[in-house]
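Just below is one structure, and these are the notes that go with it.
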Amino acid sequence: RGPRFRLSAWMIRDQALAASGLLIPELGGAPVFPWQPPGLWEEVTFGAGKKTYKADTGDKLRRRSLYTFWRRISAPPMFFDNAKREMCEVDAKLTNSPLHALATLNDPLYAEAARALASRAWSEGESPGEALAEAFEIALTRPPSESEQEDLDTLFQVALQDFQATPGDAESFLAIGETPRNDKLDPATEAAMATVCLAIFNTDEVLNKE
């Protein structure tokens, strides 16, 4: 047995992409520009913000974190435990910063990955419960316990009722990212499934190396 610690930010990102089936395994090539909040480069650039960041589209958004473009004075915001790049640092610094949860619950990449995981799991299951169990096992490499399955089903029902009451919220959630939505599911059901999958991505067991 080894020590228990939180995965580094790049591992968490790649893990979500792999579980959802969105990860692009291509090796080599030019650096890529994933999504990041607007204005970060302009804030730290000398000369009235002449350097602007333009996010890529398509497969480039879902390549491994290894290929993400870095600026020394403005590191990719999804990586919170990176070196400051002002001097050589040999060891990676792990962190439990609350900013991790801010990203893994709200970043477009994780919302899109949750939606893709929901679609992937639905193709394996015949009911919402079976699909959620499949999504759980894909992310955690084990089936859910009876109590965990109850939690998944309860969260799904709560989210489903909310999205059925506010269809516009479901449409807005499903519009995040470039991956086409699952036409076999009505918007409220798909959004509720994606909500549960997003919660799965944020479980302690997914974010930590046990």
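The values are calculated or read from the model by the stated rules, or taken from the named source; none is laboratory data. Worth saying up front: this structure is predicted, and the values here are computed from it rather than measured. Here Cβ is always computed from backbone atoms with ideal geometry, including for glycine, and neighbour counts include all displayed protein chains. These area figures cover heavy atoms from the full protein model, side chains too; ligands, DNA and RNA do not enter into them. Shrake-Rupley method; radii C 1.70, N 1.55, O 1.52, S 1.80 Å.
Sorted largest first, the principal axis extents computed over the alpha-carbon atoms of segment 1-81 equal 52, 30, 20 Å.
Between ASP59 and ASP183, what is the FRET efficiency for a Förster distance of 35 Å, r being their Cβ-Cβ separation, to the nearest 0.05? Intermediate results must be reported in sequence, preceding the final value.
Working: r = 22 Å, r/R0 = 0.62.
So, using R0 = 35 Å, E works out to roughly 0.95.
Considering the values [x] 1.78; [y] 1.42; [z] 1.09, which represents Cα Rg over 2.2 N^0.38 Å as calculated for the structure under consideration? Matching the structure shown: [z]. Comparing PRO34, PRO76, PRO167 in a Gaussian network model of the chain, where Cα atoms under 10 Å apart are tied by springs, the biggest mean-square fluctuation is seen for PRO167. Selection among TYR53, PHE33, SER8 by position relative to the dipole of segment 1-64 gives SER8 as farthest towards the positive end (Cβ unit charges, Cα centre).
A 1.4 Å probe run over the chain, with the rest of the protein chains in place, finds 56 Å² accessible per residue. Listed by chain and number, the lysines whose alpha-carbon sits under 26 Å from that of LYS50, ignoring those within fewer than 8 places in the same chain, are LYS60, LYS84. Entry note, the chain: the mean residue ellipticity at 222 nm calculated from DSSP H runs of n ≥ 4, each adding -39500 (n - 2.57), is -15000 deg cm²/dmol after division by the residues and rounding to the nearest 500.
Cross-link partners of LYS209 among lysines, defined as those whose alpha carbon lies under 19 angstrom from its own and excluding same-chain residues fewer than eight positions apart: LYS93. Amide H contacts of ARG64: ILE24, each under 5 Å away and 5 or more positions distant or on a separate chain (H built 1.01 Å from N in the peptide plane; Pro and chain starts excluded). Given springs between every Cα pair under 10 Å in a Gaussian network model of the chain, which of ALA75, ALA116, ALA30 has the largest fluctuation? Of ALA75, ALA116, ALA30, the Gaussian network model singles out ALA30 as fluctuating most.
Annotation note: chymotrypsin sites (Phe, Trp or Tyr not before Pro) in segment 46-102 located in DSSP loop regions with a Cβ neighbour count of at most 16 within 10 Å are PHE69, TRP70.
Helices assigned as whole DSSP H runs in the chain whose Cα atoms extend at least 15 Å along their own long axis and whose mean Kyte-Doolittle hydropathy is -0.5 or higher are found at 9-20, 108-122, 128-140, 187-201.
Within segment 2-104, what whole-number % of the accessible surface is contributed by carbon and sulfur, with the 1.4 Å probe and all protein chains included in the calculation? Working shown, then result.
Values: 3900 of 6460 Å².
About 60 percent, which is the carbon plus sulfur part of the accessible surface.
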